[in-house]
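**Student:** This is the structure, below, for whatever I ask next.
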Amino acid sequence: MRLILCLLVFGVSLSLRAQSCEDLEVYGVWLDPFDNQKINLLCANLSFDEIYSYPAWRVKDAEGNLIAEEQVMYFGIAGTSYHILEMTEPWQEGAVAIDVTLELWTGFGDQMACTWDWVFHPQELLWTGNGDGGCFPIAMNSYAVGGEASSVTASLSDSAGNVVLSQHMVFDESGFYQGVSDTFCLGQDECYTLTLSSTAFESLSIEFTDPTEFSSWNTNHWAFWVNHSESMALDTTFQIDLYGGDCILPASTVDIQSDFLVFPNPTDGMVQIDLGSSTSAGHFQVFDHAGRCVQEDMMTAGQKVLDLTELESGQYLLILFQDRQHLVQQLIVTGGH
C-alpha cells in the first residue's frame, strides 16, 4: 500500500510539472518604451501540432513573486506572436537587468505548459542586438491622402535641440502617398519633440516602427493620425517620451486661439470648451505626453463639457478640428489617478 501511495503521489507531481516546449522560442522580453506598467514578449511557435490553446504568459522574480501577467488574447500561438503583459506595479528599477522565470499557461490559466529561466533587460535595445552606444533603431512611416498635390514636413529633435530626423514628403494628384524614412537612432532615455506641418490633405498617419528583422510583428512605438471629411492643413507639435525622459510641453509649440477657450485650465477633470461665435460642428482629440490619443469625440456648435476624470495627472494637448482649421490648446490635468 505504501508503494502504491508513493507511486500515486509521484505520478501527480509529474502531471503538475511544466514540460519543455521544444518548438516554442522566446525572442525577447522587455519593458514597453512608453509605458512602464507593460512588458512586451515576442515568441514564435514552430510546431504544427501544438498551438498552446488560450495562452497567458507570466513573469516571476527570483523569489517567485509575480511581476507581470497576460490576459488571454489569442486562441493559440501560431508562428511569430507578440504578447503584452500587465505589471503588478510600475517598473522602478531603470535599466537594471534581473533574473526572472517565464511561465506559459494554457487553457485560460488552468495548466502550465512550460517555463524558462530568463534575464530581463528592461530596455529593448539591449536584446535586439541592434543598439550601438544607446541607439534605439527606428524608422518613420507616413501615409497621406489628398485630392491634389500636397506635402508633409516632419522634424524630430532631442532635448538638447539636435535634429535627428528632418523629412519632407510630397504626394501628387493621384491622391495617395506612402513613405518610409531611413533608419535612424533614438536614445531610450530621452524626450523628443516632433513637429508636423503640411499643406491641405484629407488624412494623415505617422508612425515610428522597429525596422529590424522582427518588424513583421509591426509594433508601433508611436503613432498619430487624423481624418477629415474635407482637406485641411496641419501645424502642431508633439512630445515623445521614451519613459526615461522628462517631457515638458514648451509653450512656444502651442498655437493659442483667442476664440477657442478651455476652462478651467488647470483642471481636476471636468473641462468646458467655448467656441465663441462659431456655429459649425467639429471634433476633438486629446493626446498625452507620449503622443497617444487618449480621448476623442464629436462636438456641436457652442459649448462642450469634457469628462477627463479618468486621465492621469499631467500635461495634454487638446486638438480641435473645425471650419477647416486645426486648433491646439495645452491642457493640464491635476485631479487624475
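**Student:** Among the residues of the range 88-96, is there at least one that is modelled with pLDDT of 80 or more, buried (at least 18 other Cβ atoms within 10 Å of the Cβ) and outside any loop (DSSP other than H, G, I, E, B)?
**Tutor:** No, the conditions are met nowhere in the range 88-96.
**Student:** Under 6 Å by Cβ, and 6 or more places apart or on different chains, what pairs join a residue from the range 148-164 that is within 16 Å of Phe224 (Cβ to Cβ) with one that is small (Gly, Ala, Ser)?
**Tutor:** Val152/Ala144; Val152/Ser198; Thr153/Ser197; Ser155/Ser166
**Student:** Right, next: Does the range 1-55 hold any residues that are of a type in the set (D, E, K, R), in the same structural domain as Ala95 (by the TED database) and modelled with pLDDT under 85, and which are they?
**Tutor:** Scanning the range 1-55 gives Asp32, Asp35.
The values are calculated or read from the model by the stated rules, or taken from the named source; none is laboratory data. Predicted model, so just to flag it, every value in this text is computed and none were measured. No Cβ is skipped: glycine too gets one built from the backbone with ideal geometry, and neighbour counts run over all protein chains shown.
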